[in-house]
Structure formats: structure tokens, C-alpha cells
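Data first, discussion second: the structure below is written as C-alpha cells.
The values are calculated or read from the model by the stated rules, or taken from the named source; none is laboratory data. Since we're looking at a predicted model, the values are computed, not measured. Don't worry about glycine lacking a Cβ; one is built from the backbone with ideal geometry, like all the others, and counts go over all protein chains shown. SASA here: full protein model, heavy atoms, side chains in, ligands and nucleic acids out. Shrake-Rupley method; radii C 1.70, N 1.55, O 1.52, S 1.80 Å.
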Amino acid sequence: MLIAIRKTGEIVLRDNARPLTSEEIVADSVQELIASMFETMRDAPGVGLAAPQIGIPLQLAVIEDTETDAERARLPVAPHVIVNPVLTLEGPRDVPFFEGCLSLPGFAAIVPRALRVRVDCLNERGEPVTIRAEGWYARILQHEIDHLNGILYIDRMISRSFTTRENLEQHWKQMPIAEIVRLLGA
Ligand code: ZN
């Protein structure tokens, strides 16, 4: 079932989401929620969706990426679920790239993120798993886990790089990020 995506300005996007127990995760209601989240994410389309983005304050997010892009160290990521994630950055937030969010449609900004992360979480069966990720996948994980803690990319962006999607395509898409940062005096 498609669910409406909440936009910035709604308090649910600024709350700390509640953790789930393993029993709750395997319950029909949460399994149905997960299925609806995948459907909603693919319809949007997006590469990640956190439960608060559909108005549900739970520590749950779905992720799937089907694209490849060498410039962004982006490789396909199989569909999976993270529950109650604990994020560990393996290095500083020093990789800048444009990033958007389904809760802020039509806009993007350069957000510095850590290149590598470790995530300890539960999967969709309530089993503990450790994810090690780098590049674009690490960025997706950082973005989605921020959602579970009431943080949006605009809290971390280089604010002078904030742009409409249209202007991103028209003016910035072909330029190296370091050059954009220099040009903007950011
Ligand atoms: Zn988002």
C-alpha cells in the first residue's frame, strides 16, 4: 500500500523514533508496514525511506539502490531493512556531495558525509546484523539513520550550496564538487 510521504515542517520528522523489539518486528503489522515502505520508496522513487517519513515514529528504515555511478562510489544495494540502528562513523565527515530527500522534494544541497560506516542493527527478522558500508551506500545509511533521530540533511548541509533540483541539473551537475564549493565560497 502506498503511504503519503511527510514533508519538512511536520513534527514527526523532528522526533526521536522509538526502538522496536524482535517480537514486534516479526508481527504481521510491522511486516506489512515494511512491505508498504518498500512500495512507497520505489514509487517515489528513492533509495531509502525511514518510518518517520510516513508519519510512524519507529526506528525502522528500508534501503534499496539499483544504480551504479563511479563518481559517487555508487553500487547497487540489495533491498534490506534496518531496525534500531547504531551508527559508527569510520572517519570524519569529509566527503561532500549533493544529496536530496523525499521529505524536501525539489531541492538538494552538498552534504559532507563519512566515507565509511559501520551499522549495528536488527534485520527484518529481528536478528542482529552488522553492516559495513562505504561510498554512496554509507551516505544512504547516514541519511536514513539521521531521520530516526529527527535530523534532516538541511541540518548538515553546506547551506550556500542549497539549490532547486532544476538548477542543480542546469548549473552544477557537470562540475566537480571541489570546484562548486570553491565557487560558492562555501
Ligand atoms: Zn530523507
How large a share of the accessible area of the chain, in percent, is made up of carbon and sulfur atoms when the probe is 1.4 Å and the other protein chains stay in place? 54 percent
Want the number for residue 154 to residue 7: 0.36 nm per residue separation, take away the alpha-carbon distance, what's left? 51.6 nm
Computed over the chain: longest principal axis from alpha-carbon atoms vs helix 28-43 long axis, angle to nearest 10 degrees, is 20 degrees
Structure-based [θ]222 nm, the chain - -39500 (n - 2.57) summed over DSSP H runs of at least 4, per residue, nearest 500: -6500 deg cm²/dmol
Quick one: which of 23-33, 100-110 comes out on top by average Cβ neighbours within 10 Å, and what's the full order, highest first? 100-110, 23-33
Rounded to one decimal in Å, the inverse mean reciprocal Cα-Cα distance for the range 15-156, i.e. its Kirkwood radius, is 15.1 Å
0 to 90° range, to nearest 10: angle between helix 136-148 axis and the chain longest Cα axis: 60 degrees
For residue 132, the accessible surface traced by a 1.4 Å probe with all protein chains present amounts, in square angstrom to the nearest 10, to 150 Å²
Give, in nm to one decimal, the length gained when the segment between residue 68 and residue 29 is fully stretched (0.36 nm per residue of separation minus the Cα-Cα distance). 10.7 nm
Using a 1.4 angstrom probe, figure out how much accessible area the range 103-186 has per residue, in square angstrom, rounded to the nearest whole. 48 Å²
Does anything in the range 43-63 have its amide N under 12 Å from the 7 Å Cα→Cβ label point of residue 80, and if so which residues? 63
Let me check something: with ligands and nucleic acids excluded, how do 89, 184 order by accessible area (1.4 Å probe), largest to smallest? 89, 184
Compute the separation of the alpha-carbon centres of the range 153-173 and the range 7-22 and state it in Å as a whole number. 25 Å
Using only the heavy atoms of the protein chains and a 1.4 Å probe, how would 180, 154, 131 rank by accessible area, largest first? 154, 131, 180
Under 5 Å between amide H atoms, partner at least 5 residues away or on a different chain: which partners does residue 20 have, H built in plane at 1.01 Å? 59, 84
